[in-house]
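Input: a single structure, listed below in C-alpha cells.
What follows is calculated from the coordinates using simple rules that are stated; it is not laboratory data. As the structure is a computational prediction, the values presented were derived from the model and not from experiment. Don't worry about glycine lacking a Cβ; one is built from the backbone with ideal geometry, like all the others, and counts go over all protein chains shown.
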Amino acid sequence: MLLRKPFLNPRQLIFIALASLFSSTACYASTLQTLSIYGSNTIGARLAPALAEGFLQSQGFAYVHVQSNPETLQHTITAGTDPLQLRVRIDIHAQGSSTGFSALHERSANIAASSRPIKDQEVKLLNALGDMRNKHAEHVLAIDGLAIIVHNNSPVNALDANQIAAIFSGEINDWSMLGAPPGPINIYARDNNSGTWDTFKELILSPSDKTLSNNAKRFESSEKLSDTVSKDPHGIGFIGLPYVRQAKALAVSAGNAIAMQPSSDLIATEDYPLSRRLYLYSSEHEDNLLAQNLLAFAHSDAGQRLVESNGFISQIVSAMPVSVAEGMPQRYQQLAREAQRLSVNFRFKEGSSQLDNKAERDIERVLAYLRKHNKTENKLVLVGFGDSKSDPQRALLLSKLRAMAVRRQLHNKEIIFREIFGIGDAMPVANNLLDQGRIKNRRVELWVY
C-alpha cells in the first residue's frame, strides 16, 4: 500500500522554507554580512560584545572571534563556518549614548546602544527612520542601577537625592557637613557623551536646578572612575551597577520614600530611586537581517541570561519574598506574609493609561511564567499604586484602574485572577513633587500564591 505525503499548500511551503532559512548559518549569504553598533560605554564595554558573541554562536557559527581595543573602546566580532571563510562582522563603538543616535542619523550604525531613553530632539533628528519611540524601534535590553559610590572605609552609608545634588554641585564640599570626619569631598563624574551622566543629571541635578561642580574630574571609562574612587578616602562618584567593583555603594532615598540599596530585586522592579533602563534603538523598519536577529536574541531568555552574567539585571520573571515592614497597609502586609512578588512592575506611557514598551513585552514574559509554574488559576494578584492627589479617594480609584488596565492586557481564558486592588498613593518609591517621580509611582505589582 502506498502512503501519500500530506499535501502542503503554498503558504505552508513558504513557512517551511523560511524556518529553514533562519534556523542556521544558511540565513547569511556567503558574502560578508556586517552590523555596526554605536553608543553607550555602559553597554558597549562588556555586555554588547558578549551579546554579539552569544548571538553568533546561537546562529550555529563554529568560529567566533572577539577582538577588543580598550583604548579606543571598540570591539570587532567576526564569525564564519571555518576560520578562513568569514560570513559576519559586528563592529561595536562605545563612546557614549549620544554618539549612537548621531551614528544612526549618519547611517553609519544599524543599532544605537543607549543607557538613557531617547531625547525629543533625537526623535526629531531620526524622523526619517520612523517613530523611534515605537516598540519596534525602542528595545529595553536590561535594567541597571546608578550607584553612588565612596571609599570602602567611608562612614557614610546613605544619602538622599537632595544631599547628592548638593555634593555634586559643590554646595556640600566637606565630609564633616554630612557628619563624617572632616576632609574635602573629591567629585568624580562620567563625561558629557555618557548616558550614565545624562541619567545622573536628569535624576539628581536637574530636579534641584543644579549643575555639576567645575572641580569634578570627568571620566570616559566606567572602570577607571570606579577604581579611582575606591582608592580615594575622600572621593565620591556615580556609576552603573556592574562597575561598583572595589568601591562601596550607598543607600539612596528620594522624597518620602525609604532609603534603598541598589539590590538586584529593587532594580529589577525599578523601585530603587536610581534604577534605569538600558536600550537598543534601530530604525522602525530595519531591514538588516543581522540587526533584526540580534534584537530578537536580546529579548530571548538566552540573551537575558547574558545580561545577567555580565552584571546587569535581566528581565526574566521570577518570584521573590518580601519582608513585612512598618508603614505597609494591612492588606499589603497580609499579601507579603502569604504570597511572593514577581520581579516586574508594569508602568505606563507618560500622560497615558497605555502600558509602556517594556510593559508590553513583559506581558508575554509574565504569561509564560504563569503557565510554566502552574499559576494560571486563582494564584495571581494585581496591586495598583499611584501618585499623590488632593483627594485621596481619587488616588485610590486611579490605582485600582491601573491594576484593571493590566488585567485587560493579561486577560486570557486560562488566567483566573485571585484578587485585584489598588492602595492609592501609599508606599511611594520616588518623589511625588517631581514629574518623573510621579510617573515612577504610577505602577502595578504582580504577586503569586
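Taking every pair of alpha-carbon atoms in segment 144-268, what share in percent sits in each 10 Å bin, from 0 to the bin with the longest distance?
14, 50, 34, 2
If you build a Gaussian network model of the chain, linking Cα atoms that sit under 10 Å apart, which residue out of G60, G195, G44 swings the most?
Of G60, G195, G44, the Gaussian network model singles out G60 as fluctuating most.
Which residue, S169, S226, S97, tops the fluctuation ranking in a GNM of the chain built on C-alpha contacts under 10 Å?
Greatest mean-square fluctuation among the candidates belongs to S169.
What is the sum of charges around S98, taking Lys and Arg as +1, Asp and Glu as -1, for the other residues whose C-beta is under 11 Å from the C-beta of S98? Please report the intermediate quantities before stating the final value.
Working: positive: R116, K119; negative: E122, D191, D198.
Overall, the nearby charge balance is -1.
Relative contact order (percent) for segment 230-276, with alpha-carbon contacts under 8 angstrom and 6 or more residues of separation?
Numbers: 33 pairs, mean separation 12.2, N = 47.
Result for segment 230-276 is 26 percent.
Relative to the Cα centre, what is the charge dipole magnitude of the chain, using +1 at the beta carbon of each Lys and Arg, -1 at the beta carbon of each Asp and Glu, and rounding to the nearest 20 debye? Intermediate results must be reported in sequence, preceding the final value.
Working: 48 positive and 44 negative charges, 283 e Å.
My answer is approximately 1360 debye.
List the GluC sites (Glu not before Pro) within segment 72-165 that DSSP assigns to loop and that have no more than 13 neighbouring Cβ atoms inside 10 Å.
Values: sites: E106, E122, E138; in loops: E106.
Answer by residue number: E106.
How much of the DSSP bridge set in the chain is antiparallel, in percent, rounded to the nearest 5? Provide the component values of the computation, followed by the final result.
Values: 50 of 74 bridges.
Taking every DSSP beta bridge within the chain, about 70 percent pair in antiparallel fashion.
Report the gain in length on full extension from D232 to Q340: 0.36 nm times residue separation, minus Cα-Cα distance, nm rounded to one decimal.
34.8 nm
So what are the three principal axis dimensions of the chain from its Cα atoms, in whole Å, longest to shortest?
For the chain, the Cα spread along each principal axis is 89, 55, 39 Å.
If each DSSP helix of 4+ residues adds -39,500 (n - 2.57) and the sum is divided by the residues in the chain, what number results at 222 nm, nearest 500 deg cm²/dmol? Before the final figure, lay out the partial values.
Values: 15 runs with 144 residues, N = 449.
Per the formula, -9500 deg cm²/dmol.
How far is the Cα center of segment 95-132 from the Cα center of segment 33-64, in Å?
19
Roughly how many Å is it from the Cα centre of segment 268-346 to that of segment 192-252, as a whole number?
Taking the Cα centre of segment 192-252 as reference, the centre of segment 268-346 is 24 Å away.
Å³ per residue of the Cα convex hull, for segment 122-199? It would help to have the intermediate numbers written out before the result.
Working: hull volume 10.9 nm³, N = 78.
Per-residue hull volume (Cα only) is 139 Å³.
Hey, if you put +1 on the Cβ of every Lys and Arg and -1 on every Asp and Glu Cβ in segment 314-449, which of A336, N374, N441 ends up farthest toward the positive end of that dipole?
Value computed over the given set: N374.
Can you tell me the length gained on complete extension of the stretch H65 to R218, counting 0.36 nm per residue apart and subtracting the Cα distance? Before the final figure, lay out the partial values.
Values: separation 153, 0.36 × 153 = 55.08 nm, distance 3.27 nm.
Length difference between fully extended and current span is 51.8 nm.
Please report, in cubic angstrom per residue, the volume enclosed by the convex hull of the alpha-carbon atoms of segment 236-335.
Numbers: hull volume 17.0 nm³, N = 100.
Considering the Cα atoms of segment 236-335, their hull volume per residue is 170 Å³.
Relative to the Cα centre, what is the charge dipole magnitude of segment 317-448, using +1 at the beta carbon of each Lys and Arg, -1 at the beta carbon of each Asp and Glu, and rounding to the nearest 20 debye?
Numbers: 24 positive and 15 negative charges, 63 e Å.
For segment 317-448, the charge dipole is close to 300 debye.
Do you know the relative contact order of the chain, to the nearest whole percent, from alpha carbon pairs under 8 angstrom that are 6+ apart?
Values: 927 pairs, mean separation 68.1, N = 449.
RCO, the chain: 15 percent.
Assuming 1.002 mPa s and 20 °C, estimate D for segment 317-448 with Stokes-Einstein, Rh taken as the Kirkwood radius over Cα pairs, in µm²/s. It would help to have the intermediate numbers written out before the result.
Values: Rh = 14.9 Å.
This corresponds to a translational diffusion coefficient of 143 µm²/s.
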